[in-house]
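> Please read through the structure below; I'll follow up with questions.
Coordinate-derived values only; no laboratory data. Just so you know, these numbers come straight off a predicted model, no measurement behind them. With ideal geometry, Cβ positions are generated from the backbone for all residues, glycine too; neighbour counts draw on all protein chains shown.
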Amino acid sequence: MSSIVSSLLLSGLILVQASSTTPQPQPQEIIQPQEVRSLAGKLNKIPVFNSNSPELVLKEGILLSTFSPQNKANPEAHLNFPLQGNFDIFAHHVAKAPTPEDLRSLYLGIILHNPTQQPVTVDILQAASYLSQPDAPFIELPPQVEDPTGKVYAGPGSRVMGDILRGRRHQDIFEPQIVIAPGESQMLVNLPIPVRELEPPLNGRSTYMRLRSNGKVYAASLAMFAPKDETGQERPPTLEEWENLLEEGELATPRDRAPTPPGTSGNIVYGRVAGVSAGSIWKAKLSDLGSVDLAIPGKGEAFSYGLSTLDGGQLGTNQVQSAPMLVRYPDTAYKAHGNYGVQYSIALPLRNPTQESQTVAVKLQTPIKQDQLKDGLRFLDPPAQQVFFRGTVRVSYEDEQKVSQTRYFHLVQKRGQRGEPLVKIKIPTMDWRLVQVDFLYPPDATPPQVLTVETLK
């Protein structure tokens with residue numbers, strides 16, 4: 001007898017599907033003694049308009065505003081942080097019917113304003129926006145599926161990040177460029193999150209955009225219930241209605257759980273992000289100290305590099321990769337823990353220093369979160385039921401004939417999952433092969449993960 005259980009979890013809107021009421025086997029903890037290294041490189045300086053709090057929106061209002069507080073009814077809702085040059089926009093919010101009878105669509109609006117006396121051109125380099133229903137439902141998928149065309153996804157965050165990784169500007173809803181007149185505003189996004197005819201009446205939308213502006217702009221994300229036209233049908237809000245909400249509105253509610261102040265001992269409440277974070281891409285070239293390449297581990301051995309490490313989950317690396325916040329609301333996250341939307345771009349020039357050919361596997365893994373390692377990485381067999389990573393990973397490498405290959409895989413990893421090899425390559429004695437791993441850290445994922453290099457027996 002199957003059952004479908006829906007719940008709103010801290011990691012996002014997740015539909016949990018149980019295929020059977022048969023009791024699950026009790027997981028056994030497996031300790032993998034191996035070195036975990038800090039990740040070379042660092043985040044770039046590109047600012048990210050990061051709108052993820054409140055995640056669940058029940059009352060319309062301002063989600064995030066970098067506008068000037070001048071002449072605003074609620075100046076505390078405006079962070080006064082203009083954007084210019086390259087910047088990214090990330091928005092991930094959930095709508096739920098406030099009452100069983102109130103099934104209005106909640107609209108997400110993202111507005112840009114030109115405060116200067118010259119026209120400002122904004123290039124939309126890449127963009128994607130999807131709903132969880134019907135665009136990208138949270139379906140059951142195998143742990144690893146090769147996906148050359150981008151048709152495998154589970155959840156809107158998974159689908160959006162897969163599109164951005166492939167360099168796409170999604171759908172017809174995004175123009176390649178907009179020009180904003182002096183002192184004027186334009187809508188970048190004006191899209192619904194419908195809940196009518198859904199059971200339960202719950203839906204989410206994930207959006208990511210890479211932009212370039214030749215002048216200063218202010219940005220805001222806003223939530224408004226759909227107005228109705230003269231026939232009683234829902235219609236998109238107008239620019240004037242969005243501008244009025246921006247000028248007169250308050251912060252949207254309910255507010256998420258407030259974060260734990262940095263340095264506080266005990267359990268950490270990370271909070272959700274609402275502000276501008278610093279860094280959209282983490283580039284790393286992994287090599288040994290004083291070398292240009294990376295010696296593979298001994299036969300049957302492995303080492304790992306931390307991914308999306310955070311306070312309380314550094315895996316012994318003493319490295320926090322969470323993007324710092326340039327501006328934020330006082331009741332939201334102190335850092336962009338999880339680095340949702342951040343692209344990891346990692347080069348591994350693997351060298352075989354031994355006197356025989358070796359086969360090397362590279363894989364992404366989701367160990368149990370630890371701050372300091374005790375004996376090694378900890379995994380579960382079988383993994384726990386909670387999904388901690390669902391998204392697309394691109395692997396580029398030179399095969400045994402030194403021919404370049406590029407493959408895409410969609411991964412679904414649960415807490416404590418050891419993962420499958422993304423690539424296995426045979427490296428001749430005293431030779432080397434380059435492996436490149438790229439992915440955007442997806443919403444609805446839970447850090448940290450590791451990138452593991454293993455020499456097979």
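> Please report the antiparallel percentage of DSSP beta bridges with both residues in the chain, rounded to the nearest 5.
85
> Contour minus end-to-end for GLN26 and ALA40, with contour as 0.36 nm per residue of separation and end-to-end as the Cα-Cα distance?
1.3 nm
> For a footprinting-style exposure proxy, rank ILE178, ILE296 by other Cβ within 10 Å, fewest first.
Ordered from fewest to most neighbouring Cβ atoms within 10 Å, ILE178, ILE296 come out as ILE178, ILE296.
> Another question about this same structure. Which order do peptides 120-127, 204-211, 188-195, 368-375 fall in by mean Cβ count within 10 Å, highest first?
In decreasing order of mean packing, 120-127, 204-211, 188-195, 368-375 become 204-211, 188-195, 120-127, 368-375.
> Give me the percent relative contact order of the chain, please, defined on Cα pairs under 8 angstrom at least 6 residues apart.
Relative contact order for the chain comes out at 23 percent.
> Below 21 Å Cα-Cα, how many Lys pairs turn up in the stretch 54-248? Only count pairs eight or more apart in sequence, or on different chains, if you could.
For the stretch 54-248, the number of qualifying lysine pairs is 5.
> Additional query: Could you tell me whether the stretch 54-248 comes out rounded, prolate or oblate from its Cα gyration tensor? Rule is a ≥ b ≥ c as square roots of the eigenvalues, rounded for a/c under 1.5, then prolate if a/b exceeds b/c, otherwise oblate.
Here the stretch 54-248 falls in the oblate category.
> Using alpha carbon centroids, what distance separates the stretch 203-227 and the stretch 398-414, in Å?
First find each Cα centre; the distance between them is then 34 Å.
> Which of LEU112, LEU79 comes first, and how do the rest follow, when ranked by fewest Cβ neighbours within 10 Å?
By the 10 Å Cβ count, ascending: LEU79, LEU112.
> Looking at the square roots a ≥ b ≥ c of the eigenvalues of the Cα gyration tensor of the stretch 200-241, which shape do they give, rounded for a/c under 1.5, prolate if a/b is larger than b/c, or oblate?
oblate
> So if we plug the beta-carbon distance of ARG235 and LYS457 into 1/(1 + (r/R0)^6) with R0 = 56 Å, what FRET efficiency do we get, rounded to 0.05?
In this case the efficiency is close to 0.30.
> For a quick check: sort ARG235, ARG328 by the number of other beta carbons within 10 angstrom, fewest at the front.
By the 10 Å Cβ count, ascending, the order reads ARG235, ARG328.
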